[in-house]
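The values are calculated or read from the model by the stated rules, or taken from the named source; none is laboratory data. Predicted model, so just to flag it, every value in this text is computed and none were measured. Heads up, the Cβs are rebuilt from the backbone with ideal geometry, glycines too, and the neighbour counts pull from every protein chain shown. The protein model used for the area step is the full one, side chains on, heavy atoms only, and it has no ligands, DNA or RNA in it. Shrake-Rupley method; radii C 1.70, N 1.55, O 1.52, S 1.80 Å.
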Amino acid sequence: MLLNCTVENCENKLVKRNGINGVIFHRLPWDDLELLDKWLKALKIKKCNTSHYMTVCSEHFTENDYKRSPSGVKLTDLLHGAVPTIFTDNSKPQTSFFTYRRKSNDLGHLFAKQSEIRTRENNDPVCFVPNCRTPTGLPLYNFPFGDKRLLHIWSKRTGLSTMYDTDLYLNITICKSHFHDNCFHENSMQLKPYAIPSIDLIDYSGPPDNCCLITSLYSEENSVMTNTGDRTWGWLGSTEAFGRLPEPNEFIVIPKSQIHCEKYANSTQAAHCLIYAESNEKVFGIYNPRASILMQLRYDGYFGFPGGLIDSGEDFVTAVNREMAEEMNLDTTIHSVSHDDHVISHWSEKKNLALHFYKLKVKMTELIEIEKRALLARDYGSEVLGTIRIPLYTLGDHYRGFPVFLKHNFIGCSKEQLIAALSSLNILTPEEIQLALNAHSKNV
Ligand SMILES: O=c1[nH]cnc2c1ncn2[C@@H]1O[C@H](COP(=O)(O)OP(=O)(O)O)[C@@H](O)[C@H]1O
């Protein structure tokens with residue numbers, strides 16, 4: 001993930017977890033509700049406005065807040081109970097989820113009605129449209145959260161997700177400069193009831209006078225979007241770019257002897273793991289999958305393996321074990337990956353990204369327990385939407401089963417990782433894998 005420090009006006013960004021200039025990013029302490037409350041108080045954030053992706057950077061903690069090695073070297077982990085306390089004058093804690101997403105705007109408080117006009121003053125809300133260069137003092141308007149149809153169009157045109165909780169729109173405003181004159185009552189700055197923004201917007205390039213909701217507009221609205229279309233991720237769209245689907249041949253395999261080379265050590269690095277159990281139990285008494293392998297449905301709709309970015313000072317194995325604890329609630333005192341479990345590493349020059357892949361073999365009974373525990377994981381329901389088993393068999397039509405599964409979208413190089421592991425763990429033969437990869441769609 002690419003994250004900002006949650007503290008307003010703090011410019012620190014987590015581009016890769018191996019740190020920028022020694023800055024460390026800490027997630028909120030979700031596993032300790034009492035401590036979480038203290039953090040939220042310090043950050044002046046309401047719990048309902050939090051997100052699992054929020055981080056606070058090390059600049060808001062004192063030296064004494066960090067663990068030390070026996071020789072006194074400062075470690076990257078916070079001492080239990082540490083709370084952020086350092087906020088400079090221009091680095092006040094934020095007040096809303098949306099300021100976290102888009103720090104340039106201070107969003108202020110909840111407002112009353114859509115038609116209410118607000119003028120910007122110091123610390124008052126500002127226009128939420130990206131790159132809006134509105135002069136100070138222009139009226140601001142709330143999003144029409146009382147009218148779902150209207151809200152849908154306002155949010156689409158401004159590039160916001162239509163999937164966010166409606167309550168979040170209570171916090172944002174848009175300034176007068178985005179509304180055509182036809183949107184206003186005569187000699188008034190009051191918006192007409194069905195006014196919609198049409199000027200200088202991120203996801204709208206149609207005529208500026210296309211600015212009042214008429215019945216036909218609702219269904220036609222898609223045709224006036226720019227070719228960027230509906231960006232369901234809103235502002236996250238640009239920051240998430242590096243996690244998207246790989247281009248063909250984007251990843252090359254790193255020879256084992258070079259995994260720790262400077263070139264890769266200086267890049268963004270992540271480690272993921274395939275958890276599996278061998279099994280001869282037939283599915284429906286017919287198909288023999290030979291093994292049960294776990295993957296996850298991720299928050300972005302892709303399939304991938306548990307794991308994630310490597311933190312500053314962490315080795316691959318520590319990182320992958322930590323991520324499995326966070327994402328799957330894996331009890332790493334019982335099951336953990338060691339250096340010997342390394343399967344393969346890949347490199348993307350374009351993304352300056354090294355991806356290391358591990359295996360964790362468990363018994364079938366343990367795998368079932370791992371699946372159950374995963375439902376209670378910290379990240380379940382946010383980063384991880386579910387743990388799945390891969391259908392490793394092919395039905396009589398030579399298409400349904402594993403070939404269909406391979407047609408899904410896989411994050412990063414996880415499909416290449418899966419195939420490498422199936423082959424090196426002798427779960428499927430190279431011929432079986434090739435057949436599955438070559439299967440053409442059938443009408444079923
Ligand atoms: O299962 C995987 N296999 C290979 N690469 C992956 C997998 N999951 C994510 N990635 C890649 O790893 C990087 C870190 O993503 P991830 O979402 O796992 O990290 P995070 O949980 O630390 O935010 C991204 O570039 C993503 O494309």
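About its Cα centre, the stretch 251-438 has a charge dipole of approximately 420 debye under the convention of +1 per Lys or Arg Cβ and -1 per Asp or Glu Cβ, with nothing else charged. The residues 349, 326, sorted by heavy-atom accessible surface at 1.4 Å with ligands and nucleic acids left out, run 349, 326 from largest to smallest. Residues 317, 283 ordered from highest to lowest accessible area at a 1.4 Å probe: 283, 317.
At a Förster distance of 60 Å, what's the computed FRET efficiency of residue 44 paired with residue 395, Cβ-Cβ distance as r, to 0.05? So, using R0 = 60 Å, E works out to roughly 0.60. Please report the carbon-and-sulfur percent of the accessible area for the stretch 280-407; probe 1.4 Å, protein heavy atoms only, DNA, RNA and ligands left out. Within the stretch 280-407, the accessible surface is 52 percent carbon and sulfur. Full extension of the chain segment joining residue 424 with residue 147 gains 94.1 nm, where the gain is 0.36 nm per residue of separation less the Cα-Cα distance. Under a 5 Å amide H cut-off, with hydrogens placed 1.01 Å from N, residue 184 pairs with 192 among residues at least 5 apart or on other chains.
By the gyration tensor of its Cα atoms, with a ≥ b ≥ c the square roots of the eigenvalues, what is the shape of the stretch 299-444: rounded for a/c under 1.5, prolate for a/b over b/c, or oblate? If you can, show how the numbers build up before the last one.
Values: a/c = 1.68, a/b = 1.44, b/c = 1.17.
Prolate, since a/c reaches 1.5 and a/b exceeds b/c.
Could you tell me what percent of the DSSP beta bridges with both partners in the stretch 251-438 are antiparallel, to the nearest 5? Among the beta bridges of the stretch 251-438, antiparallel pairing accounts for roughly 70 percent.
Please calculate how many Å² of accessible area the stretch 251-438 carries per residue, with a 1.4 Å probe and no DNA, RNA or ligand atoms counted.
45 Å²
Summarising the label geometry, the points placed 7 Å from Cα in the beta-carbon direction at residue 283 and residue 266 lie 4.6 nm from one another. A straight chain from residue 63 to residue 340 at 0.36 nm per residue would run longer than the Cα-Cα distance by 96.1 nm.
From the largest down, the stretch 359-444 spans 39, 28, 26 angstrom on the principal axes of its Cα atoms.
Got a sec? What order do 399, 380 fall in by accessible area at 1.4 Å, biggest, i.e. largest, first? List each step's numbers first, then the result.
Values: 399 25, 380 90 Å².
Ranked from most to least accessible, the order is 380, 399.
Once all protein chains are placed together, residue 27 keeps about 40 Å² accessible to a 1.4 angstrom probe.
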